[in-house]
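> Quick one: the structure is below, and I'll ask about it shortly.
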Amino acid sequence: MKKGRIVIDRDFPIAPIDEKVFSSFVEPLGRCVYGGLYEPGHPLADEDGFRRDVLEKTRPLRLTLNRFPGGNFTSTYRWEDGIGPKEKRPRRAEVAWQCIETNEFGLDEFARWSRKNGSGVMMTVNLATRGVLEAMDCVEYCNHPGGTYWSDLRKANGFDTPLNYKYWCLSNEIDGTWQVGQKPAREYGLLAREASKAMKLIDPEIRTVLAGSSSPGMKSFPEFDLEALDIAYDQVDYLSVHNYIGNAEHDSPSYLARPITTDRFLGDVSAVIRSIKAKHRTDHDVYISFDEFNTWHSIAEEARFREKWRIAPPLLEDRYTAEDALALGGMLLAILRHADTVRIACVSELVNCISHLRTRNGGGCWVLPAYYAFLHYCSYGRGTSLETKVSADTYDCARYNGVPFLDAQAVENKDGGVTVFAINRSLDDELQLDAVLRGYEDLHVAEHIVLTADDPQATNTEECPDNVVPRTDGNARIQEGCLSAVLEKMSWNVIRLVR
Ligand code: AHR
């Protein structure tokens, strides 16, 4: 049996966890929107065409924000295409994903869907192929109280009171060669600074997000971020970075260790922000908006087979399995660990596309194993992140040496209880977990949730939706102030301690 130990101390919090790290991302890509959250004519569609079965799965996540509409989609998007009467909306060649965008679902529909879902919206404006004025217009449409062209149009379109969207992304992945309108850091920094300034003249309450590196693997990281942030620092509030991890090599031990690189990336991005803050000798803080992250295996492969100019084809619908729950879980723990600097985090995406929530057009809706890790994080990850010292047996794999079998992070919940999230990365062995909980001696175990499968490649399907589901029969117990549990091989664990 492998061994791992954690120590937490009530006197050593990292930071309160921002509610906005419980967010997601919706892009009109593949079947995320069409056939995903929106499908008029589906037997379970409501009067707006929103699938009730999808809402039933997204509501329990209590998402704070949903980023919309992108994503690469944003770079040639005209937000005005998605407002007002549907019959007047243009069909466009959507070049990022080489599809036809009917614009049947746009800004107006997403506002309605978000209200029904109980979540807010983080808008992305197009600074790749459009400019400052169009970004200002969008803020005016969404947030201006009335008496202007765009705000009155919003009212005419059924939204009498402002939508009051507070968070605005200044384009997306503008460092990427794949981006229409890709820009060098200096050009982008100057444009983003002016756009942010102008958008805040329309609504001073908004907070803006500068687009930083698309992934830790970008050759231009961290220079791009340093240069753009240096130029825009005083005008922006967040720096956006993205990270996807996958198991294209079919090497599970390496894959399960990949969240360590996410953790390091977030630390490096924090250092970038700190260094620019020091350079500017300012009190203004900029935080990380980790507004796209998830597991994604098929990045390169799929494009080769893609048939062009279809409407909402199935794209980026990887086969996700039990091991993806641990990989995504590891990324979620990295976010909690960086609670002091990561203040927005959006799992990418919400339905079908790169998602752990699936639908069939005209058919059912089911969840893949990693959905549960995200649900647990959204349910029990709220509160204050605690310094969690982990020591554990380690392993070497093709990509990394000295990987701890145990990954863990503790949160003091708002009711004073504590949740310990713990991953056993061993594919073969149980792990004996011992935990010292200083300052929490009065807690007892309310629940030990376990998510695992005999086969790391097991998953759920529409026909067998309950193949891999969490159980609540974990064996965690507390004796004399010490928590102990045997973590099953390849398992995601949520140990909930209450008074
Ligand atoms: O989420 C899919 C795509 O991944 C997004 O459009 C883009 O921002 C990223 O490269």
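> Just checking, does region 314-332 include any residue being away from the ligand (no atom under 16 Å from the Cβ), surrounded by fewer than 22 Cβ atoms within 10 Å (Cβ to Cβ), of a type in the set (Val, Ile, Thr) and not in a helix (DSSP H, G or I)? Full working, then the answer.
Start the filter on region 314-332 by keeping residues that are away from the ligand (no atom under 16 Å from the Cβ), which leaves 319, 321-323, 325-327, 329-330, 332.
Okay, now just the ones that are also surrounded by fewer than 22 Cβ atoms within 10 Å (Cβ to Cβ), so 319.
Checking the rest, the ones that are also of a type in the set (Val, Ile, Thr) come to none.
No: region 314-332 contains no residue that is away from the ligand (no atom under 16 Å from the Cβ), surrounded by fewer than 22 Cβ atoms within 10 Å (Cβ to Cβ), of a type in the set (Val, Ile, Thr) and not in a helix (DSSP H, G or I).
> Give, as residue ranges, the helices (runs of 4 or more DSSP H) completely inside region 196-295 that count at least 2 residues that are free of Cβ contacts under 8 Å to residues at least 40 places away in the same chain. Step through it out loud before you land on a result.
Values: elements: 223-232, 252-257, 259-280.
Counting at least 2 such residues, we get 259-280.
> Picking from Gly4, Gly41, which residue would you name as being away from the ligand (no atom under 16 Å from the Cβ), assigned to a loop (DSSP other than H, G, I, E, B) and more than 30 Å from Thr129 (Cα to Cα)?
On the way: Gly4 fails: assigned to a loop (DSSP other than H, G, I, E, B).
The match here is Gly41.
> Then there is this: List every residue pair whose Cβ atoms sit under 6 Å apart, with the two residues 6 or more apart in sequence or on different chains, where the first one lies in region 341-359 and is under 16 Å from Leu65 (Cβ atoms) and the second, anywhere, is at pLDDT below 95 and within 14 Å of the ligand (Cβ to nearest atom).
If the second residue must be at pLDDT below 95 and within 14 Å of the ligand (Cβ to nearest atom), no pairs are left.
> Just to confirm my filter: which strands (runs of 3 or more DSSP E) fall fully inside region 395-488 and include at least 2 residues that are under 30 Å from the mean Cα position of the chain (by Cα) and not assigned by TED's automatic domain parsing to the domain that holds Tyr320? Give the derivation first.
Working: elements: 406-413, 418-424, 431-438, 444-451, 477-479, 482-487.
Counting at least 2 such residues, we get 406-413, 418-424, 431-438, 444-451, 482-487.
> Being without any contact (Cβ under 8 Å) to a residue 24 or more places away in the chain and out of contact with any helix residue (DSSP H, G or I) (no Cβ under 6 Å at 6 or more places or on another chain), is that true of even one residue in region 374-389? Spell out the reasoning first.
Going through region 374-389, the residues without any contact (Cβ under 8 Å) to a residue 24 or more places away in the chain turn out to be none.
Checked against the condition, which is being without any contact (Cβ under 8 Å) to a residue 24 or more places away in the chain and out of contact with any helix residue (DSSP H, G or I) (no Cβ under 6 Å at 6 or more places or on another chain), region 374-389 yields no hits at all.
The values are calculated or read from the model by the stated rules, or taken from the named source; none is laboratory data. Only a predicted model underlies this, so the values are computations on that prediction, with no experimental measurement involved. Note: ideal-geometry Cβ built from the backbone for every residue, glycine included; neighbour counts use all protein chains shown.
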